[in-house]
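Have a look at the structure below before the remarks.
The values are calculated or read from the model by the stated rules, or taken from the named source; none is laboratory data. Note that the structure is a prediction, hence the values are computed from the model and not measured. When we count neighbours, we look across all protein chains shown, and the Cβ atoms used for this are built from the backbone with ideal geometry, even at glycine. Please note that ligands, DNA and RNA were not included when accessible areas were found on the heavy atoms of the full protein model with its side chains. Shrake-Rupley method; radii C 1.70, N 1.55, O 1.52, S 1.80 Å.
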Amino acid sequence: MLIAKQFETASDAELIKRIKQGELDLFEILIRRNNPFVYKVGRSYGFEHQDVEDLMQETFIAAYLNLEKFENRSSFKTWVTRIMLNQCYHK
């Protein structure tokens, strides 16, 4: 966790670059930064708190597993929000 502390102010692009290089624990910072936005999406679809938490978990797992496909054509926030929207749609 000490390593992650020093990167809390790093840009998303820098974090993603380092995660792709093997510093996997830095993904937690991206999760913490984007939790409020992703949660709001789930609630806006009318899902209950527990369902939103499940959808968020599925969203961040999908983002993690597909991070190599992230091309920086949009912000990470936009990308992960899109994943969450797809999760909500499929539920």
Legend entry - Lone unmet requirement of (1) touching a residue at least 12 places away in the same chain (Cβ under 8 Å); (2) small (Gly, Ala, Ser); (3) at positive phi for Gly46: (1)
Inset, instruction - Within segment 33-91, work out how many residues are of a type in the set (D, E, K, R) and within 22 Å of Phe7 (Cα to Cα). - result: 4
Legend entry - Enumeration of residues in segment 65-87 that are within 18 Å of Asp25 (Cα to Cα) and open to solvent by 90 Å² or more (accessible area, probe 1.4 Å): Leu65, Glu68
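Could you pull out every one of the helices (runs of 4 or more DSSP H) wholly within segment 1-82 that has 2 or more residues that are modelled with pLDDT of 95 or more and touching a Ser or Thr at 6+ places or on another chain (Cβ under 8 Å)? Break it down stepwise before answering.
Details: elements: 2-5, 12-20, 27-44, 49-65.
Because the criterion is at least 2 residues that are modelled with pLDDT of 95 or more and touching a Ser or Thr at 6+ places or on another chain (Cβ under 8 Å), the helices (runs of 4 or more DSSP H) in segment 1-82 that meet it are 27-44.
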Legend entry - Where a residue in segment 67-90 is on the phi > 0 side of the Ramachandran plot and its partner, wherever it lies, is of a type outside the set (Gly, Ala, Ser) and open to solvent by less than 30 Å² (accessible area, probe 1.4 Å), with Cβ under 8 Å and at least six apart: Asn72/Ile16
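Can you pull out the residues in segment 26-59 that are hydrophobic (A, V, I, L, M, F, W, C) and more than 23 Å from Glu8 (Cα to Cα)? So that I can check it myself, show each step before the final result.
As a first pass, look at segment 26-59 and keep what is hydrophobic (A, V, I, L, M, F, W, C): 26-27, 29-31, 37-38, 41, 47, 52, 55-56.
Residues satisfying the conditions are Val41, Phe47, Val52, Leu55.
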